[in-house]
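Every read-out reported here was derived from the displayed coordinates using simple, explicitly stated rules and does not represent laboratory data. Remember, predicted model here, so these are calculated numbers, not experimental data. Positions of Cβ are backbone-derived with ideal geometry, glycine not excepted, and every protein chain shown enters the neighbour counts.
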Amino acid sequence: MTAFYTILLLLASNIFMTLAWYGHLKLQNMDIIHHSTPLIFVILLSWGIAFFEYCLQVPANRIGFEGNGGPFTLMQLKVIQEVITLVVFVAFSVIAFHMPLRWNHLVACVLLIGAVYFVFGFK
């Protein structure tokens, strides 16, 4: 169950991270934030969203890390996080920005699956 909670926290954390990093671009695209909005405002908005990312990311790593009784090595945690980050980003870019998925994106996903195999497959 610890693995499930770790992955769920990482998923939620990466949703907040993606919104913090790229959400302001969508808000600008929707004309909610204007191009002339001061950068410091956008940075503070992103930091406010990123706070929730950290509130989820740190517990996920603590719960999931084998040194704390979790099921994952440090390397496995990082690879899981990177895969989740890219999956969330792809979903965000397709849904929010209507960006098409191309063959090279699919190849990258296959390579990431290979990375997961190599990180989990050999001890």
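Yes/no matrix, rows are residues, columns are (1) out of contact with any strand residue (DSSP E or B) (no Cβ under 7 Å at 6 or more places or on another chain); (2) basic (Lys, Arg); (3) under 30 Å from MET1 (Cβ atoms):
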{"position": "ILE33", "(1), (2), (3)": "yes, no, no"}
{"position": "PHE51", "(1), (2), (3)": "yes, no, yes"}
{"position": "GLN57", "(1), (2), (3)": "yes, no, yes"}
{"position": "PHE72", "(1), (2), (3)": "no, no, yes"}
{"position": "MET75", "(1), (2), (3)": "yes, no, yes"}
{"position": "GLN81", "(1), (2), (3)": "yes, no, yes"}
{"position": "LEU101", "(1), (2), (3)": "yes, no, no"}
{"position": "ASN104", "(1), (2), (3)": "yes, no, no"}
{"position": "GLY114", "(1), (2), (3)": "yes, no, yes"}
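Against the conditions (1) more than 30 Å from ASP31 (Cα to Cα); (2) under 17 Å from the mean Cα position of the chain (by Cα), ILE95 satisfies every one except (1).
Counting only residues that are of a type in the set (A, V, I, L, M) and touching a helix residue (DSSP H, G or I) at 6+ places or on another chain (Cβ under 7 Å), the range 91-123 holds 7 of them.
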